[in-house]
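Accompanying notes for the structure given below.
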Amino acid sequence: MINLITVANWKMNPSTLEEAIELVDSIVNLPFKNKVILLVPYPFIPYVCQAINNSPVIEVGSQDCYTELSGAYTGAISIPMIKSVGCSYVLAGHSERRRIFGDTNNIINKKLHLILKSSLKCILCIGENKLEYNQGLNKKVCTQQLEECLNGCYESDLSNIIIAYEPVWAIGTGLNATPEIAEEIHLHIREWLRINYSLSVSKNMVILYGGSVNQNNISSFINKNNINGTLVGGASLDINKFSKILSSVI
Ligand code: PGA
């Protein structure tokens, strides 16, 4: 049995360090037992790591990384930097990075290998867009993303990866996938893992759902057999909503 995980993706929020510290301090004071991973903007990472104060249940991650380890790449942030300020996770392949910043499956694959090589854990996002969904291509798109993003990964790598199924049309839109749709895709992902790796990888993989998760619909997702938690964007910035989400995750 896999323990439920909640990932909070702050995206490019909040605007100031003061607000970020206020938010993390409020989260630290909430009563919850299951693991929470906070994906915070780069400048706030050391402060957030300090604020969680070796919490046994909260971990910190970055929302992206660059594909090179050091050098003349003005504005880029490397994995060793991310690691050295206290992150244990790196998100790769978020649809906003794919759509706005041009990350392809090949780029994501390169990042994923560097993340794992640096002994960090990777949260890999996959999911179809609206058009693909309307054309009934959701499983096909997810399969291709899994094939290309996990290319070259060995079975031993898979325990350091979390997969987040995030239909692009559900992110930030208020239009969450139904728990039944999410469950169906999660099962499809497990089947792909069984065929391409092993039954044990398939059973043990943490697969999260993300896309307009909130305090009202969280239970319907985590009650499903193949959903091991959620990736929450907007609702993770509102402490009232996020506290209700965390109190549902038991
Ligand atoms: P949302 O974002 O919860 O605001 O839809 C999810 C995400 O960051 O992928």
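Here are a few things to note about the model shown:
- Of the numbered criteria (1) over 15 Å from the mean Cα position of the chain (by Cα); (2) not in a helix (DSSP H, G or I), the one E183 fails is (2).
- Lone unmet requirement of (1) open to solvent by 40 Å² or more (accessible area, probe 1.4 Å); (2) of a type in the set (A, V, I, L, M, F, W, C); (3) within 15 Å of the ligand (Cβ to nearest atom) for L246: (1)
- Among residues of the stretch 199-238, those that are touching a residue at least 24 places away in the same chain (Cβ under 8 Å), within 15 Å of the ligand (Cβ to nearest atom) and more than 15 Å from the chain's Cα centre (by Cα), counted: 8
- Where I2 falls short, out of the listed (1) within 22 Å of I163 (Cα to Cα); (2) modelled with pLDDT of 95 or more; (3) surrounded by fewer than 22 Cβ atoms within 10 Å (Cβ to Cβ): (2)
- Test result for K121, away from the ligand (no atom under 16 Å from the Cβ), open to solvent by 50 Å² or more (accessible area, probe 1.4 Å) and either acidic (D, E) or farther than 17 Å from T67 by Cβ (or both): yes
- Filtered by the rule that a residue be in a loop (DSSP other than H, G, I, E, B) and buried (at least 21 other Cβ atoms within 10 Å of the Cβ), the stretch 124-133 gives G127, E128.
- Here H94 clears all of (1) buried (at least 20 other Cβ atoms within 10 Å of the Cβ); (2) free of Cβ contacts under 8 Å to residues at least 60 places away in the same chain; (3) in contact with a strand residue (DSSP E or B) (Cβ under 8 Å, 6 or more places away or on another chain) except the condition numbered (2).
- Qualifying residue in the stretch 128-140 (condition: free of Cβ contacts under 8 Å to residues at least 60 places away in the same chain and under 15 Å from I207 (Cβ atoms)): yes
- Top-ranked residue in the stretch 149-172 [being under 18 Å from the mean Cα position of the chain (by Cα) and open to solvent by 70 Å² or more (accessible area, probe 1.4 Å); ranked as farthest from K111 (Cα to Cα)]: G172
- When T143 is tested against the conditions (1) closer than 23 Å to L39 by Cβ; (2) open to solvent by less than 50 Å² (accessible area, probe 1.4 Å); (3) part of a helix (DSSP H, G or I), the lone failure is (1).
- Taken over the stretch 67-91, the criterion of being over 30 Å from T230 (Cβ atoms) and open to solvent by 70 Å² or more (accessible area, probe 1.4 Å) is satisfied by L69, S70, A72, Y73, T74, G75.
The values are calculated or read from the model by the stated rules, or taken from the named source; none is laboratory data. Keep in mind the model is a prediction, meaning the values are calculated, not measured. For neighbour counting, all protein chains shown are included, and Cβ atoms are generated from backbone atoms with ideal geometry for every residue, glycine included. Please note that ligands, DNA and RNA were not included when accessible areas were found on the heavy atoms of the full protein model with its side chains. Shrake-Rupley method; radii C 1.70, N 1.55, O 1.52, S 1.80 Å.
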